[in-house]
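A.B. asks: What follows is a structure written as structure tokens; I'll ask about it next.
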Amino acid sequence: MVARITKKRLTKIIVIIPIVLVCVITVAWIVAFIHFRSSNIERQFDSVVKKENIHEAILFVENSTGDFSVSFGYGGRDIDSPMITASVTKMFTTACILILYDDGRLSLDDKISLHIDDEVLSGLHIYRGHEYSFELTISNLLFQTSGLPDYFTNNIARDIIVNGDRYVAFEEILEKTRTLTPSFAPNSDRAYYADINFDLLGLILENITGLPLEKIYEQFIFNPLEMANTYLPVKVNDFVPHTFYGSERIERPLFIASTRASGGVISTARDMMIFSRAFWNGDLFDNDILERISDYRRLQLSMSPIQYGGGHMRILLSGPSTFFLASGNLIGHSGSTGSFVFFFPEKDLHFIGDLAQLESPGSAVRFVMQMAMAIDGRLH
């Protein structure tokens, strides 16, 4: 009897040992994989903050479930430090437009003249003698296919950055835009990045809802997602953090407040992670809408390698910009202050952060691309 029990126990042990070994090996592999991924991300972050013009920075990387999560700060910054989201704000504007579309309160094919007064639109888009201002659609604005010129890159912003802070009224933006030549006629299957597209989308949001933009953001996004540290500054005492231009620390609260729907939101990396996951998970609008906005076109050469879809950027990792060494794509947005919010769907990772540098806004995109390549094992 004793021998029989011992034999049974031995049989069980023989069966259990391989299972235990598989479990141990699996856990060890997971731990090693997480360490590999974390160390590669940290290596890229350490590399970027060694650059002479990076004085403060934050990086937050997480997957959709939060099972993998790492963050790094530099210059006293962390994931709860306020950051200027700059053009990442366009994704908030996009989300609000898509929520209204999902609710049937607008169509992406609506002519914007249905929602904006004639005196605002008149003279905005005159190309080769023909006025297209009243033919533009919401889709043209959202996908940057309107052809409207970009006042931001035509000295206004640089003057403010270099010479001092001031508020740029919407009326001034309209007048400046009227003096510039559009890049092409709308619906030419081309894209040209211009902030005026999203300034107009912000106006459409206000006209349809009857609410100021800051309240729209709050009701549609910030409150439902419990983004307690995110806001659109509108009052004198609304805090706007500093950034850098080269070695100079600068504060431009008036200018940031004037960018509104195209670049005015203040947030934190922690809050932006919540938003990025909600946006790409379809928590804010029907998930099928994501397919509708995933139609991409190359932007002007100065924005290479960025493509633009419906209210967001795409960066192909399998193209010449990575010497064809990587795969997949990054979807999200970057901002002129070095802010970035990108999702890497092939690896289920969200990259959120800020390099706080106006002098080289393209550095944020390059940084995220390098991280994606490192995670893919193509860059060390």
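The values are calculated or read from the model by the stated rules, or taken from the named source; none is laboratory data. Keep in mind that what you see is a predicted model, and the values were worked out from it rather than measured. All Cβ positions, even for glycine, are placed from backbone atoms using ideal geometry, and neighbour counts span all protein chains on display.
A.B. asks: Pick from 161, 173: which is of a type outside the set (Asp, Glu), in contact (Cβ under 8 Å) with a residue 60 or more places away in the chain and either surrounded by 18 or more Cβ atoms within 10 Å (Cβ to Cβ) or part of a helix (DSSP H, G or I) (or both)?
C.D. replies: Within the list 161, 173, the selection yields 161.
A.B. asks: Hey, another quick one. Are any of the residues in segment 9-28 surrounded by 17 or more Cβ atoms within 10 Å (Cβ to Cβ), part of a helix (DSSP H, G or I) and at pLDDT 65 or above?
C.D. replies: Initially, segment 9-28 is screened for residues surrounded by 17 or more Cβ atoms within 10 Å (Cβ to Cβ), giving none.
No: zero hits.
Matching residues to (1) of a type in the set (S, T, N, Q); (2) in a strand (DSSP E or B):
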site: 302; (1), (2): yes, no
site: 307; (1), (2): yes, yes
site: 311; (1), (2): no, no
site: 315; (1), (2): no, yes
site: 332; (1), (2): no, yes
site: 336; (1), (2): yes, no
site: 341; (1), (2): no, yes
site: 347; (1), (2): no, no
site: 352; (1), (2): no, yes
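A.B. asks: Any residue in segment 78-89 that is within 10 Å of residue 270 (Cβ to Cβ) sitting within a Cβ distance under 6 Å of a residue that is surrounded by fewer than 21 Cβ atoms within 10 Å (Cβ to Cβ) and among the polar types (S, T, N, Q)? List the pairs, counting only those 6 or more apart or interchain.
C.D. replies: Final answer for the pair search is 79/71.
A.B. asks: Consider residue 261 carefully, then state whether it is closer than 27 Å to residue 147 by Cα, at pLDDT 95 or above and under 18 Å from the mean Cα position of the chain (by Cα). Show your work before the answer.
C.D. replies: Numbers: closer than 27 Å to residue 147 by Cα: yes; at pLDDT 95 or above: yes; under 18 Å from the mean Cα position of the chain (by Cα): yes.
Judged against the criteria, residue 261 is a match.
A.B. asks: If you don't mind, there's one more thing I want to ask. Can you name the condition, by its number, that residue 199 falls short on among (1) closer than 19 Å to residue 100 by Cα; (2) crowded, with 18+ Cβ neighbours inside 10 Å; (3) touching a Leu at 6+ places or on another chain (Cβ under 8 Å)?
C.D. replies: Unmet for residue 199, out of (1) closer than 19 Å to residue 100 by Cα; (2) crowded, with 18+ Cβ neighbours inside 10 Å; (3) touching a Leu at 6+ places or on another chain (Cβ under 8 Å): (3).
A.B. asks: Can you pull out every residue in segment 125-151 that is of a type in the set (Val, Ile, Thr) and not in a helix (DSSP H, G or I)?
C.D. replies: Within segment 125-151, 126, 137, 145 meet the criteria.
A.B. asks: Right, next: Give me the residue from segment 284-320 that is over 18 Å from the mean Cα position of the chain (by Cα) and among the acidic types (Asp, Glu) and, out of that set, nearest to residue 261 (Cα to Cα).
C.D. replies: Per the stated criteria, the residue is 286.
A.B. asks: Of all residues in segment 39-68, which are surrounded by fewer than 16 Cβ atoms within 10 Å (Cβ to Cβ) and either closer than 15 Å to residue 277 by Cβ or not charged (D, E, K, R) (or both)?
C.D. replies: Correct list: 39, 47, 63, 64, 65, 66, 67.
A.B. asks: With 352, 315, 293 as the choices, which residue is under 18 Å from residue 191 (Cα atoms), of a type in the set (Val, Ile, Thr), at pLDDT 95 or above and touching a strand residue (DSSP E or B) at 6+ places or on another chain (Cβ under 6 Å)?
C.D. replies: 315
A.B. asks: So if I check each of 108, 98, which one is of a type in the set (A, V, I, L, M, F, W, C) and crowded, with 20+ Cβ neighbours inside 10 Å? I'd like the intermediate steps shown before the answer.
C.D. replies: Details: 108 fails: crowded, with 20+ Cβ neighbours inside 10 Å.
Only one candidate passes the filter, namely 98.
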